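Data first, discussion second: the structure below is written as structure tokens.
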Amino acid sequence: MLNVALPKGRLGEKVYAMFEAAGFECPSIKENNRKLIFENEEKQVCYFWVKPSDVAIYVERGAADIGVAGKDILLEYNPDIYELLDLNLGKCRMAVAAPDDFYDDGNKRLKVATKFTNIAANYYSSIGREIDIIKLNGSIEIAPILKLSDVIVDIVETGTTLKENNLSVKSTIVPISARLIANKSSFKFKGTQIEKIVQSIREQVKAND
Amino acid sequence: MNNILRSEEKAIFALRTLYQQYGYMPFKMSKFEEYEFYIQNKDFLVSDRIISFNDTNGKLLALKPDVTLSIIKNGEDKPGEKQKVCYNENVYRVSDNTHQFKEIMQTGIECIGEIDLYDLYEMVMLASKSLSLISDNFVIEISHLGLISTLLENACRNSNFKQEALGYIAEKNSHDLINTFDKYEIAAEKRDGILKLISVYGERKSVIAEIEPSLKGVADEFLAELKALSDMLDALPFSEKILFDFSTVNDTNYYNGIVFRGFISGISQSVLTGGQYDNLLKKMKRSSGAVGFAIYLDLLDEMPTDRAEYDVDVVIIYDQNTDKRYLAEMVEKTVGENKTVSVQCGDSANIRCKQIIDLRKEG
């Protein structure tokens with residue numbers, strides 16, 4: 001049985017459609033109920049919905065053999081997994097944003113508000129800029145408005161939220177998209193089934209490009 | 001007796017016997033080393049967080065976070081002789097999950113001297129035999145850091161490129177590796193060979209056949225070493241469980257040649273890691289080479305096991321009116337019948353047993 005961790009929400013539904021097209025359908029997943037685990041004995045596959053930021057943990061610890069996680073989560077938590085495929089879904093970017101009129105003259109320590117402390121620390125360390133990280137869990141955009149921070153490091157999709165708060169992107173750190181990941185040990189023992197799925201999804205991704 | 005040993009304890013016993021059969025002598029070391037020693041070699045350690053404390057004379061000591069370093073430090077180069085040791089030691093490291101220190105039981109072997117093909121074979125063979133003693137369903141995968149490094153350096157001399165590419169090879173991440181090729185403007189004809197390090201893995205002969213064309217004239221020496229090793233491994237009974245997979249990438253500052261790791265079905269991460277680490281000895285100003293591996297026995301807890309239905313066979317319950325000599329006789333009689341027994345005063349609902357002998361009723 002291959003255990004697949006899918007991120008709850010619209011992205012997860014799109015990803016499930018790709019697994020279904022690959023021949024690993026599980027009709028019960030489409031039933032309107034509150035179940036979280038769905039199994040298709042015949043196809044030897046079991047899907048479960050988990051919080052998107054938890055997918056990598058399920059896969060790293062072997063509770064799921066494969067799963068789909070955002071590159072933001074993989075960069076932030078650095079799990080010991082295989083990253084097999086870029087699904088080209090959920091595309092956005094990790095960026096530094098600040099009030100439209102902000103200018104970093106480099107004279108003092110930069111205050112950075114973010115949910116992604118490791119990504120922010122690694123980015124500023126790579127450019128040799130001294131920073132003070134302020135870890136927040138949501139509504140990051142208001143931090144520079146209330147002078148809690150100079151800039152923010154956050155995911156930017158369309159930029160609408162930034163615009164509405166008079167913020168703009170100052171630099172892009174890394175492009176983000178959903179990635180198909182696998183547990184390293186599962187890949188050794190369930191490799192044939194995993195490769196079959198990866199091959200089919202790779203073709204779907206190419207066709208969608 | 002075998003039934004009452006935990007999988008970790010059974011493994012220690014079986015592995016020590018195996019290693020001694022092949023002439024690996026037990027190496028017992030102190031739990032402490034000078035803190036400074038680890039700081040000088042912190043890159044070799046999994047984590048640089050070490051438990052340190054002051055000795056009675058004020059010297060700063062550390063609880064061992066690693067065994068290999070201590071073995072190398074205490075050995076000496078003897079031309080023509082190979083130092084072969086096995087160990088079974090606790091090391092103290094920070095857990096990735098809890099970020100707290102934990103004690104990890106590690107067992108392993110090291111061979112220090114002039115390393116040749118036979119030593120590499122013996123090491124991979126013993127790694128495979130070790131895992132076969134723990135489970136039938138295991139895999140050993142072998143990689144070659146000399147080969148990977150040469151291929152990467154042949155494509156680009158920039159050390160940042162090498163580090164980034166090694167990371168992506170370890171993740172089997174070809175999409176980001178291609179972006180890195182673009183970033184460092186790697187020539188088109190050099191890309192294919194590197195990408196094959198990700199896409200080609202598994203059965204040894206077919207891997208060699210696929211990577212050979214891109215390595216010819218670039219890494220002939222390493223390819224020949226892999227081939228020769230593979231041929232020797234053919235004779236092993238579980239040869240098909242030993243694969244080539246270049247996603248095994250250890251620190252190139254210390255490891256230089258063959259590296260390998262082992263997986264057991266049902267355990268979520270590799271339980272065995274090893275390889276040739278001549279570079280570490282060079283760093284310690286020693287002329288020898290070395291190869292070795294370690295098995296992380298704490299991970300065996302993840303192996304699916306049948307839960308015991310009972311804690312003991314018999315619970316004997318007595319009270320203050322029970323004749324204690326009779327009680328002692330009953331206990332010895334039960335143990336004599338090869339049963340396990342727990343003597344309890346009063347009801348003991350928490351102990352799961354097959355039979356209860358209640359001496360209170362018998363007066």
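The values are calculated or read from the model by the stated rules, or taken from the named source; none is laboratory data. Here the structure is a predicted model, which is why all the values come from computation and not from measurement. Glycine gets a Cβ as well: all are built from the backbone with ideal geometry, and neighbour counts include every protein chain shown. Note: areas computed on protein heavy atoms with side chains; ligands, DNA, RNA excluded. Shrake-Rupley method; radii C 1.70, N 1.55, O 1.52, S 1.80 Å.
Quick one: B:Glu141 ticks every box in (1) among the acidic types (Asp, Glu); (2) assigned to a helix (DSSP H, G or I); (3) within 12 Å of chain A (Cβ to nearest Cβ) bar one, so which box is it?
The failed condition is (2).
Look through the range A:63-93, keep the residues that are within 14 Å of chain B (Cβ to nearest Cβ), in contact with an Asp or Glu (Cβ under 7 Å, 6 or more places away or on another chain) and not in a loop (DSSP other than H, G, I, E, B), and return whichever of them is nearest to A:Tyr123 (Cα to Cα).
A:Leu74
What's the total number of residues in the range B:171-193 that are in contact (Cβ under 8 Å) with a residue 40 or more places away in the chain and at the interface with another protein chain (Cβ under 10 Å from one of its Cβ atoms)?
Qualifying residue count, the range B:171-193: 2.
A:Leu110: within 14 Å of chain B (Cβ to nearest Cβ) and hydrophobic (A, V, I, L, M, F, W, C), yes or no?
Taking the combined requirement at face value, the residue does not satisfy it.
Residues that are open to solvent by less than 30 Å² (accessible area, probe 1.4 Å) and within 30 Å of B:Asn74 (Cβ to Cβ), at least 3 per element: which strands (runs of 3 or more DSSP E) completely within the range B:257-363 meet that?
B:258-264, B:272-276, B:289-296
Of all residues in the range B:29-45, which are part of a loop (DSSP other than H, G, I, E, B) and open to solvent by 60 Å² or more (accessible area, probe 1.4 Å)?
B:Ser30, B:Lys31
On the given criteria, is B:Thr248 within 12 Å of chain A (Cβ to nearest Cβ), outside any strand (DSSP E or B) and either at negative phi or at pLDDT 95 or above (or both)?
For B:Thr248, the condition - within 12 Å of chain A (Cβ to nearest Cβ), outside any strand (DSSP E or B) and either at negative phi or at pLDDT 95 or above (or both) - is met.
Being touching a residue at least 24 places away in the same chain (Cβ under 8 Å) and either touching a Pro at 6+ places or on another chain (Cβ under 8 Å) or surrounded by fewer than 18 Cβ atoms within 10 Å (Cβ to Cβ) (or both) is the filter here, so list the residues in the range B:150-159 that pass it.
B:Asn154, B:Asn158
Out of B:Leu147, B:Leu131, B:Leu152, I need the residue that is in a helix (DSSP H, G or I) and within 14 Å of another protein chain (Cβ to nearest Cβ). Which one?
Residue meeting the stated conditions: B:Leu131.
Table: residues versus (1) acidic (Asp, Glu); (2) farther than 19 Å from B:Met123 by Cα.
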site: B:Phe27; (1), (2): no, no
site: B:Phe32; (1), (2): no, yes
site: B:Tyr35; (1), (2): no, yes
site: B:Tyr38; (1), (2): no, yes
site: B:Leu45; (1), (2): no, yes
site: B:Asp48; (1), (2): yes, yes
site: B:Ser52; (1), (2): no, yes
site: B:Thr56; (1), (2): no, yes
site: B:Leu60; (1), (2): no, yes
